[in-house]
């Protein structure tokens, strides 16, 4: 028997996903919207499509500016929603406006440092040494899985290629199944 598959046995194959895109420029241009294509949000559209292919049902999408309180409000709302997973993109860089990590960290009950380590390890092939600027974050809060990804479509695609095959396994552990 292949024991490498045992950890995924009885793992959920369907889940609800909230998508949060943090982008001041898009927010100023489009305002509050409920679909990524309405804001030319390539990264949000990638999350939407790739998650659906891997069993995710999108419970909500929100476009938010790089504003600490608005990001916290959106995460708090998602934490009290029916979403099982919250995936954000954007606001993870080093500029003064990039505050996603600072906004989300207080909600995290358990951090998943392995995600950031793996993401940076794989990202080095794409971006070289500038990978040290990457502040991707993953953790658990209120029984929900949170991933904060950089905003670039290439980074989002790579992150989802790492995350989505393990989503059922992650949810199995988080939900205590």
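No value in this document is a laboratory result; all are computed from the given coordinates. As the structure is a computational prediction, the values presented were derived from the model and not from experiment. Please note: Cβ atoms are built from the backbone with ideal geometry, for glycine as well, and neighbour counts cover all protein chains shown.
Just name the residue that is surrounded by the most Cβ atoms within 10 Å (Cβ to Cβ) out of those in segment 74-92 that are part of a helix (DSSP H, G or I) and in contact with a helix residue (DSSP H, G or I) (Cβ under 8 Å, 6 or more places away or on another chain).
Of all residues in segment 74-92, those part of a helix (DSSP H, G or I) come to 74-79.
Now drop any that are not in contact with a helix residue (DSSP H, G or I) (Cβ under 8 Å, 6 or more places away or on another chain), which leaves 75-76, 79.
Working: 75: 25, 76: 14, 79: 16.
Among them, the one singled out is 75.
Give segment 29-59 a look and list any residue that's under 13 Å from the mean Cα position of the chain (by Cα) and either free of Cβ contacts under 8 Å to residues at least 60 places away in the same chain or assigned to a helix (DSSP H, G or I) (or both), or say none.
In the first step, residues of segment 29-59 are kept if they are under 13 Å from the mean Cα position of the chain (by Cα); the result is 43-48, 50-51, 56, 58.
If the condition is that a residue be under 13 Å from the mean Cα position of the chain (by Cα) and either free of Cβ contacts under 8 Å to residues at least 60 places away in the same chain or assigned to a helix (DSSP H, G or I) (or both), then 43, 44, 45, 46, 47, 48, 50, 51, 58 are the ones that fit.
When every residue of segment 156-176 is checked against the conditions, none turns out to be loosely packed, with under 15 Cβ neighbours inside 10 Å, within 27 Å of residue 40 (Cβ to Cβ) and more than 14 Å from the chain's Cα centre (by Cα). Within the set 119, 147, the sole residue that is in a strand (DSSP E or B) and either under 23 Å from residue 176 (Cα atoms) or in contact (Cβ under 8 Å) with a residue 24 or more places away in the chain (or both) turns out to be 147. Here residue 129 meets the list (1) in a helix (DSSP H, G or I); (2) in contact with a helix residue (DSSP H, G or I) (Cβ under 9 Å, 6 or more places away or on another chain) almost entirely, failing just condition (2).
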